[in-house]
Amino acid sequence: MSFWSAQLGPYYEGDARGDGTRRDLRCIGEVVCPDCGNVMARLLEGPDGIALSAWVPAHGQMRDSRGVGWSLYTLITDEEPADQEGGVLVCWRGHHGLWISASDCRAAIRRYRERGRKVRHPATRKPPPST
C-alpha cells in the first residue's frame, strides 16, 4: 500500500490550504522543515477524520515564475496507514531528505489532543539509500 492515498493534482506556489476552498477543515498540526521551519504539510481535521495534506515541488518547465508542485493527501486513522509507512517531503526552500511517517502523524495528533491547540512537528531526516 502506498502512504499517499490521493494525488490531488498540480498546485501552484506551495501551500495546499491557502486557497480557502475547504472551510470545513481545521488545521490541528503542521509538519515543518527542521532546517528553516517552513510548513511542508498540515494535519487537517474534518468531517471524515484527520488527514495529512502535503505539497511537494515538481520540477518542470514553466513559462512564468510561479512554483509548481503536487498536492498529496492521506487519511490517518488508528489502523491505517501502518506506523512504518511514510512519505518523502521536500521543503520549497530547497531542503531535501525529509520524511514523515504515519507514526509521526499519530504522535502529533496525540500532542494536539493533550494540549488542545495546533502543534508543530518537525519532519525527520531519512538517510539516503545505501548503494
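The values are calculated or read from the model by the stated rules, or taken from the named source; none is laboratory data. Since we're looking at a predicted model, the values are computed, not measured. Counting neighbours? That spans all protein chains shown, and the Cβs are built from the backbone with ideal geometry, glycine included.
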Residues located in the range 82-131, provided they are exposed (fewer than 12 other Cβ atoms within 10 Å of the Cβ) and under 19 Å from W55 (Cα atoms): G94
Breaking point among (1) at pLDDT below 95; (2) more than 15 Å from A6 (Cα to Cα), for Y112: (1)
Residue in the range 84-93 that is charged (D, E, K, R) and at pLDDT below 90 present: yes
Top-ranked residue of the range 55-81 - restricted to ones that are among the hydrophobic types (A, V, I, L, M, F, W, C) and modelled with pLDDT of 90 or more, ranked as surrounded by the fewest Cβ atoms within 10 Å (Cβ to Cβ): L75
Complete set of residues in the range 102-123 that are within 19 Å of L75 (Cβ to Cβ), touching an Asp or Glu at 6+ places or on another chain (Cβ under 6 Å) and in contact (Cβ under 8 Å) with a residue 24 or more places away in the chain: A102
Number of the exception - R17 against (1) surrounded by 12 or more Cβ atoms within 10 Å (Cβ to Cβ); (2) at pLDDT 75 or above: (2)
Test: residue in the range 119-126 that is of a type in the set (A, V, I, L, M), farther than 19 Å from A6 by Cα, modelled with pLDDT of 90 or more and not in a loop (DSSP other than H, G, I, E, B): yes
